[in-house]
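Colleague: Dropping a structure here in structure tokens format, bear with me for questions.
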Amino acid sequence: MKAAVIVFPGSNCDRDAAVALEAALGHPPLMVWHRETVLPDVDLVVVPGGFSYGDYLRCGAMAAQSPVMREVKDKAAGGLPVLGICNGFQILTETGLLPGALIRNAGLKFICRDVHLKVETADSVFTRNYEAGQIVRFPIAHAEGNYFADAATLDRLEGEGLVAFRYATPEGAVTAEANPNGAARNIAGIFNEKRTVLGLMPHPERLADDLLGGTDGKAMFDGLVEALS
Amino acid sequence: MSSKTTPITPDVIAAHGLTPDEYQLVLSIMGREPNITELGIFSVMWSEHCSYKSSKKWLKTLPTTAPWVICGPGENAGVIDIGDGQAAIFKMESHNHPSYIEPYQGAATGVGGILRDVFTMGARPVANLNALRFGDPSHAKTRHLVSGVVAGIGGYGNCVGVPTVGGETNFHASYNGNILVNAMTVGIASADRIFYSAAAGVGNPVVYVGSKTGRDGIHGATMASAEFSEDSEEKRPTVQVGDPFTEKLLIEACLELMATDSIVAIQDMGAAGLTSSSFEMASKGGLGIAMDLDAVPQRERGMTPYEIMLSESQERMLMVLKPGLEDKARAIFEKWELDFAVVGHLTDTGRMVLTHQGEVVADLPIDPLAKASPEYDRPWVPGVKQPVIAPEEVPAHPVMEALKTLIACPDLASKRWIYEQYDHMVMNDTIGRPGGDAGIVRVHGTGKALAMTTDCTPRYCLADPHEGGRQAVAEAYRNLSAVGARPLAVTDNLNFGNPEKPEIMGQIVEAVQGMGEACRSLSFPVVSGNVSLYNETNGIAILPTPTIGAVGLIEDATKTASVPFKNVGETIIVLGETKGWLGCSLYLRELCGREDGAPPPVALHREKREGEFVRRMIAQGAVTAVHDVSDGGLLVALAEMALASGIGASIAAPQTLPAHAWCFGEDQGRYILTATAAEAMVILEAAQRASVTARVIGHTAGDSLTVEGQGSISVQDLRQRNEGWLPGYMAATATGA
């Protein structure tokens, strides 16, 4: 299996994603510069976290217009799995690969801490190594992670089982207290219709190593490698 | 200002912060009257901020060498050997004055500046820390300043993608008009690829990279060298604006270029911008520079030579390249969409010759400016020693009630509200997150780690600057030892009032002497530092605050210790002597409303022995948790271990001391360890062999903290008090309270 990590000016979790992928793959992923117009032949694309182009406009808005994202969008339409983490999720919504938008956190501040998530479905290449209903701990680190979509879109996402993760208490209750940023219906991550594209605000790559305090994120990368090899 | 038309009057000279004597020195160096551009250059080069003219004499007394020191003070940052051909590069720097005037940008550009000092030398920055001092929480400006400074530090560091892993925050009325924002960066480089600032090679190109030069920050260095008064806010235009995105690109582009062996010398444009960077490089290399100011990338039209040379626009670097490599270097900077301009070349004249629109607009001898800046031996008086306060002289409040007050007081309340606004995990190597004794960052791709901390107890420094200087160093040493790191070296950030006052100068002298004593005794040299003076408003000085930043090495990243209790039923051991020293303590201040008394003395010979012992116990895996005892004393330290874990403890105080003195005395040189009952026996025996005082005081238990005969408090209750204060205080902003 081959994977690529997209690198924008201002990406800063590109190396973190590459390290987590390499641990699962056994070899490093390809790093693809934002100006590329053709993607290498890969089985997975990761759009990493950071502040693409400084995010001085709406987060991800400029990255969505980059040459490489036009190519990612085309390939994703053909079924290529795409994982967007944090700024990557913002870019995927701006690109139109995922519905909705990520707006300013309800508390108006950047938040960096571990959160608990309820895995909504194991039926995807991203979540196959989790169980539906499982509670996992991933860190968040964002100021604009408040997922927003109109009620009809939210109903459709829920109705079609396209919500991937929700913020929850350590015991698994999906409550307002467990929601760090005001996200609609506690949504932390969503799929596209075919569940081949996942965008999520929390960082699975940050807890994929015992020394860093946990390995709940590792199962996502291991699962991807198993599914796509 | 035009260089031709501005007459050099006594008012203009005074406005540039030069004394009449200093101006006489300017005249003798120049052999003629300087023009306004030249005067501006003298002004910033000789500002306290750039020249260290008041502190130099005393800074020279600090120990700066050790077998593991690769580069001590004098370069952009200090460099130490961390084994395996790798080096740690670090420094701390203040951005106090700008942060008070414009907290968000002041603090943000403070982070940007210290990051540049570190990557200029070839290191990838891997961690940031910050030591913050704010005024009294009840002061009208404090909330606004806390909010802006924290957002600024986060806004910059988070975007650049360097984790902010530690620091400290205090509140005291003496900082009402002068907050302190001391930012520290630690980076990692190859020990054989360190980049220095000495220019070499006559004819070699001088290259400008990064952001364009604008009119922001002109005279920032001069502002940072004067006292504040009522009209300080009018100085807002001298605060620079940060662009962390450009900084991120600059880091990547510089590191990419550094890997190609093209650079002769490199220097970031910090305080005094193009002036200090060009003078510094030329002076260190004993060369001259001919520079064409028209070639400097400019953000605005019509900038004068004066403005170009004195601008403190951020995210800029100056470098000397090897000849013929300009195109190769340009390609890298163009890839990162940054400006790249050859602005001049090195000469053998020893002079800085600046041309602008075809005319020579400044012609200055470099060495007299850079090296012959005034150096003062300012008069000083020793501080008045405070009396030692016996434990019995301090009123005894009920212990558990006192704990409730202390754990929620501004200095001890949880700083989660602050550090959760900082990305402390990006780069995926943070092993020890904020909230512990020291931040721990794995050296990427290796099995070792660096620990880092910032420390100072300003109230001790006010009572006795010498003892306070010793204590700041010793506490840093302790914090590193407490996580299992071998302390290697320190960076200092000396924040004081007006050095022209003998009593303030006395604080500086005595604090530096105390620091030097501790650093020598602990083999803990000073490798970099920064001085911030004139922290006074309307004649009121801050508490003397010599902040220490320190770095230690953990050979095996799997062998560290942390603050939380791990299991119930484990033995709690205190290392070091508890004599109930309440003078200058938080107990005295928070419970009795007094800030008097001598501070607790530090026994340096014992510090070393205990630190080594703690590190050995951690390396052996004998301990389950470690925490140093500092502000608030033993019971506060225990409460912090309980808070970090949710596990309580049951403690017995000895009958030999008043309970409040035993619980809250701030005797130095102490650690709390926990271990299984079996390991505890091993530790006690080892302590005896090592001549380290160790005493069992209780065990971990349940979910309450209990002191025999004094009562009990649930960890839940402690948590509400400890976590509640800062968010509650800050939330009052939104409601306008």
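Colleague: Checking residue B:37 against (1) among the β-branched types (Val, Ile, Thr); (2) farther than 30 Å from residue B:357 by Cα; (3) touching a strand residue (DSSP E or B) at 6+ places or on another chain (Cβ under 6 Å): exactly one of these is not met. Which one?
Modeller: (2)
Colleague: Are there any helices (runs of 4 or more DSSP H) wholly within the stretch B:32-137 with 2 or more residues that are more than 30 Å from residue B:411 (Cβ to Cβ) and modelled with pLDDT of 95 or more, and if so which?
Modeller: Those helices (runs of 4 or more DSSP H) span B:103-119.
Colleague: With respect to residue B:28, is the statement that it is free of Cβ contacts under 8 Å to residues at least 12 places away in the same chain and in a helix (DSSP H, G or I) true?
Modeller: yes
Colleague: Take the stretch A:32-55 and flag every residue that is within 12 Å of another protein chain (Cβ to nearest Cβ), assigned to a strand (DSSP E or B) and surrounded by fewer than 24 Cβ atoms within 10 Å (Cβ to Cβ). Step through it out loud before you land on a result.
Modeller: Narrowing the stretch A:32-55 to residues within 12 Å of another protein chain (Cβ to nearest Cβ): A:33-35, A:48-55.
Next, from what is left, pick out any that are assigned to a strand (DSSP E or B): A:33, A:50.
Matches in the stretch A:32-55: A:33 only.
Colleague: Scan the stretch B:438-475 residue by residue and report those that are assigned to a strand (DSSP E or B) and surrounded by fewer than 24 Cβ atoms within 10 Å (Cβ to Cβ).
Modeller: Residue satisfying the conditions is B:442 alone.
Results for (1) under 30 Å from residue B:101 (Cα atoms); (2) touching a Leu at 6+ places or on another chain (Cβ under 6 Å); (3) crowded, with 24+ Cβ neighbours inside 10 Å, shown as yes or no for each residue.
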{"site": "B:521", "(1), (2), (3)": "no, yes, no"}
{"site": "B:548", "(1), (2), (3)": "yes, no, yes"}
{"site": "B:551", "(1), (2), (3)": "no, yes, yes"}
{"site": "B:555", "(1), (2), (3)": "no, no, no"}
{"site": "B:561", "(1), (2), (3)": "no, no, yes"}
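Colleague: Name the residues in the stretch A:14-49 that are without any contact (Cβ under 8 Å) to a residue 12 or more places away in the chain and under 18 Å from the mean Cα position of the chain (by Cα), would you?
Modeller: Once the filter is applied, which keeps residues that are without any contact (Cβ under 8 Å) to a residue 12 or more places away in the chain and under 18 Å from the mean Cα position of the chain (by Cα), the stretch A:14-49 yields A:15, A:22.
One line per residue, one yes/no per condition, for (1) over 21 Å from residue B:603 (Cβ atoms); (2) touching a Pro at 6+ places or on another chain (Cβ under 9 Å):
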{"site": "B:504", "(1), (2)": "yes, yes"}
{"site": "B:509", "(1), (2)": "yes, yes"}
{"site": "B:513", "(1), (2)": "no, yes"}
{"site": "B:519", "(1), (2)": "no, yes"}
{"site": "B:528", "(1), (2)": "yes, yes"}
{"site": "B:534", "(1), (2)": "yes, yes"}
{"site": "B:542", "(1), (2)": "yes, yes"}
{"site": "B:548", "(1), (2)": "no, no"}
{"site": "B:551", "(1), (2)": "yes, yes"}
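Colleague: Among the residues of the stretch B:171-178, are any within 29 Å of residue A:144 (Cβ to Cβ), under 18 Å from the mean Cα position of the chain (by Cα) and surrounded by 24 or more Cβ atoms within 10 Å (Cβ to Cβ)? Give the derivation first.
Modeller: Step one: of the stretch B:171-178, the residues within 29 Å of residue A:144 (Cβ to Cβ) are none.
So far as the stretch B:171-178 goes, no, none of its residues is within 29 Å of residue A:144 (Cβ to Cβ), under 18 Å from the mean Cα position of the chain (by Cα) and surrounded by 24 or more Cβ atoms within 10 Å (Cβ to Cβ).
Colleague: While we're looking at this one, here's another question. Check A:155, A:123 and return the single one that is surrounded by fewer than 15 Cβ atoms within 10 Å (Cβ to Cβ) and free of Cβ contacts under 8 Å to residues at least 40 places away in the same chain.
Modeller: A:155
Colleague: Quick test for you: out of A:195, A:137, A:128, A:185, pick the one residue that is of a type outside the set (Asp, Glu) and within 14 Å of chain B (Cβ to nearest Cβ).
Modeller: On the way: A:195 fails: within 14 Å of chain B (Cβ to nearest Cβ); A:128 fails: within 14 Å of chain B (Cβ to nearest Cβ); A:185 fails: within 14 Å of chain B (Cβ to nearest Cβ).
On inspection, the qualifying residue turns out to be A:137.
Each row is one residue, and each column tells you yes or no for (1) crowded, with 18+ Cβ neighbours inside 10 Å; (2) aliphatic (A, V, I, L, M).
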position: B:374; (1), (2): no, no
position: B:378; (1), (2): yes, no
position: B:384; (1), (2): no, yes
position: B:396; (1), (2): no, yes
position: B:401; (1), (2): no, no
position: B:408; (1), (2): yes, yes
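Colleague: Return the pairs, sorted by first residue and then second, in which the second residue is hydroxyl-bearing (Ser, Thr, Tyr) and buried (at least 22 other Cβ atoms within 10 Å of the Cβ), the first residue lies in the stretch B:240-262 and is in contact (Cβ under 8 Å) with a residue 60 or more places away in the chain and away from chain A (no Cβ under 13 Å), the beta carbons are less than 8 Å apart, and the residues are 6+ apart or on different chains.
Modeller: Close Cβ pairs satisfying both conditions: B:240/B:109; B:240/B:313; B:254/B:120.
Colleague: A further question on this structure: Failed condition for residue B:724, given (1) assigned to a helix (DSSP H, G or I); (2) on the phi > 0 side of the Ramachandran plot, with all others met?
Modeller: In the conditions (1) assigned to a helix (DSSP H, G or I); (2) on the phi > 0 side of the Ramachandran plot, residue B:724 misses (2) alone.
Colleague: Restricting the stretch B:419-437 to residues that are of a type in the set (D, E, K, R) and more than 7 Å from chain A (Cβ to nearest Cβ), which is surrounded by the fewest Cβ atoms within 10 Å (Cβ to Cβ)?
Modeller: Filtering the stretch B:419-437 for residues of a type in the set (D, E, K, R) gives B:420, B:423, B:429, B:433, B:437.
Restricting the remaining residues to those that are more than 7 Å from chain A (Cβ to nearest Cβ) gives B:429, B:433, B:437.
Values: B:429: 26, B:433: 21, B:437: 27.
Out of the qualifying residues, it is B:433.
The values are calculated or read from the model by the stated rules, or taken from the named source; none is laboratory data. Please read all numbers here as calculations on a predicted model, not as lab measurements. Virtual Cβ from ideal backbone geometry, glycine too; neighbours counted across all protein chains shown.
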